[in-house]
Amino acid sequence: MNQLKISVAGAGAMGAGIAQVAATYGHQVTLYDSFQAALDKAKPAVRKSLDKAVEKNKLTAEKADAVMSAIRFTSDLNDISGSDLFIEAIIEQIEAKQNLFYEVEKLVSDQCILATNTSSLPVIAIGSNCKNQERIIGLHFFNPPVLMQLVEVIPTFNTKAAITESCKTLMKNWGKVPVIAKDTPGFIVNRIARPYYGEALRIYEEGIAGFETIDHAMKSVGGFKMGPFELMDFIGNDINYKVTETVFGQMFYDPRYKPSITQKRLFEGKLYGRKTGKGYYNYANPSEPKPSNDEALLQSIFDRIFAMLVNEAADALMMQIASAEDIELAMTKGVNYPMGLLQWANTTGPEKVLATLQHLFEWYGEDRYRPSPLLKRVVADKTLFKTR
Ligand SMILES: NC(=O)c1ccc[n+]([C@@H]2O[C@H](COP(=O)([O-])OP(=O)(O)OC[C@H]3O[C@@H](n4cnc5c(N)ncnc54)[C@H](O)[C@@H]3O)[C@@H](O)[C@H]2O)c1
């Protein structure tokens, strides 16, 4: 593989991890952060992560040292000159990202690809101050970048097809699973996964079941590794709430993405979850959760959340956000779903999913539950979702 000069901006959780991945695959990496304190934290964090890989026999000690010395930690933006690929992973703030892209364009050649790791901002807007917009693209890694395989590759209206292809190839060379997503709110994963949290919160708010029962339903009936409330506490209610709010706004307030007052209150009260000791669960003073074992209740909770997830996947497919194959890969590799949602719907029967949604739509009379036309088409034609 050709050795490239890669620069990463932002030495936080994502940037440091991306730098480590790039250096592991033989590239010279410059990790830039405007705050020296962030670099002072990132350096030992990368070392620790490499030592762990050595302990697990995933890397030799020599290779770990070589990776470490391939990363240059710097607070001087000028050090990124000569880069072939620049990946931005700074604070999730549009002006900060736009300003950085503007400055970076002055320091690199016209051949350098400019990528952003944004989770929720429009890629095209981040690069909108740049002169050459053909080389701007989203490369959305998942947390932690060293372990998670999925990378959403997000071309904009302006991105040259050859740039998208070379990013896809490069990500494959880094051992990642790249999927191509349209530059739309939440891309693939953060769009399709919204009901996992939103519908769970709605079920809780209606008093149908408590957190532990909803979590138990999704794990025991659906085989998900973590229930929605455990997962929100793990991600952080600050981050999860903000992503929901952003997607909702960017979707012109489509009620399907409406945030929940419950989660907003947790966010406002700094009950972020694991990192603050309390969220939906109390981690400082844990108690044994006692979920209901009412099988009919557990099944109905699963059916409802599952139907909403399938509806999102069907709608994303209909709206050409990504190919069916990439939608399936994104949910299995990016958030570890037990099965791709389209395949899963095919297995349980699309007509069952549609019946659940139609019942919710009629009962509540809310647009939130409107079935995707693609789901209706699949059922009307007595066919199945295409999954590749
Ligand atoms: N954390 C996640 O789960 C996750 C997943 C995928 C994508 N992302 C995205 O990746 C980006 C970084 O997220 P993170 O979790 O690593 O954040 P973080 O807060 O851990 O790190 C951000 C870093 O950027 C630095 N920074 C801030 N402003 C800067 C500037 N103007 N110039 C240079 N450096 C600056 C900060 O010092 C900090 O070290 C965000 O866009 C986020 O949306 C995060």
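Each value in this text was obtained by applying a stated rule to the coordinates, not by laboratory testing. Predicted model, so just to flag it, every value in this text is computed and none were measured. A quick note on method: Cβ atoms are made from the backbone with ideal geometry, for glycine too, and the neighbour counts reach across all protein chains shown.
The figures follow:
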quantity: Residue order, fewest to most surrounding Cβ atoms within 10 angstrom, among ARG47, ARG194, ARG135; calculated: ARG47, ARG135, ARG194
quantity: Kirkwood-type radius of the chain, with distances r between different C-alpha atoms, in Å; calculated: 22.0
quantity: Calculated over the range 294-341: convex hull of Cα atoms, volume per residue (Å³); calculated: 65
quantity: 12 Å beta-carbon shell around ILE321, net charge (K/R +1, D/E -1); calculated: -3
quantity: Cβ-defined net charge surrounding PHE229, 9 Å radius [Lys, Arg +1; Asp, Glu -1]; calculated: -4
quantity: 5 angstrom amide H check on VAL151, placed H, neighbours 5+ away; calculated: VAL177, VAL179
quantity: Under 5 Å, built H, 5+ apart or other chain: amide partners of TYR337; calculated: THR332
quantity: Spatial separation of Cα centroids for the range 229-266 and the range 332-384, in angstrom; calculated: 22
quantity: Under Karplus coefficients 6.51, -1.76 and 1.60, residue-wise ³J(HN,Hα) of the range 359-366 in Hz, glycine/proline x; calculated: 5, 5, 4, 6, 5, 8, x, 10
quantity: About the Cα centre, charge dipole magnitude for the range 63-123 (Lys/Arg +1, Asp/Glu -1 at Cβ), debye; calculated: 160
quantity: Net charge dipole size for the range 191-380 [Lys, Arg +1 and Asp, Glu -1 on Cβ; Debye, nearest 20]; calculated: 420
quantity: Taking LEU266, LEU59 and counting other C-beta atoms within 10 Å, the order from fewest to most; calculated: LEU59, LEU266
quantity: Selection from GLN111, ALA345, THR356, by position along the positive dipole direction of the chain (Cβ); calculated: GLN111
quantity: In sequence order, calculated HN-Hα J values of the range 369-385 (Karplus, 6.51, -1.76, 1.60; Hz; x Gly/Pro); calculated: 9, 5, x, 5, x, 5, 5, 5, 5, 4, 5, 4, 7, 6, 10, 10, 5
quantity: Cα-Cα separations in the range 280-374 greater than 18 Å, expressed as whole percent; calculated: 55
quantity: Rounded to 5, the percent of DSSP beta bridges in the chain classed as antiparallel; calculated: 25
quantity: Dipole magnitude of the chain, debye to nearest 20 (Cβ charges: Lys/Arg +1, Asp/Glu -1, about Cα centre); calculated: 460
quantity: For the range 202-286, the Rg and Dmax computed from alpha carbons only, in angstrom; calculated: 13.1, 41
quantity: Net charge contributed by nearby residues that have their C-beta within less than 13 Å of GLN98 (K/R +1, D/E -1); calculated: -4
quantity: Longest exposed-site-free window of the chain, the sites being chymotrypsin sites (Phe, Trp or Tyr not before Pro) in a DSSP loop that have at most 10 other C-beta atoms within 10 Å; calculated: 1-156
quantity: Pairwise centroid distance, computed over Cα atoms, of the range 269-316 with the range 71-103, Å; calculated: 37
quantity: Long-range amide H partners of LEU4 with built H, under 5 Å; calculated: GLN28
quantity: Exposure proxy order (Cβ contacts within 10 Å, fewest to most) of ASP51, ASP326; calculated: ASP51, ASP326
quantity: Per DSSP, loop GluC sites (Glu not before Pro) in the range 30-122 with at most 13 further Cβ within 10 Å; calculated: none
quantity: Equivalent ellipsoid semi-axes, the range 1-87, via Cα gyration tensor eigenvalues times 5, rooted, Å; calculated: 20, 16, 9
quantity: Helix-only [θ]222 nm of the chain, DSSP H runs n ≥ 4, -39500 (n - 2.57) each, per residue, nearest 500; calculated: -15000 deg cm²/dmol
quantity: Quotient of Cα Rg and 2.2 N^0.38 Å for the range 5-180, N being how many residues it contains; calculated: 0.96
quantity: From phi via Karplus (6.51, -1.76, 1.60), per-residue ³J(HN,Hα) for the range 159-172 in Hz, x at Gly/Pro; calculated: 5, 5, 4, 5, 5, 4, 4, 5, 5, 4, 4, 4, 5, 4
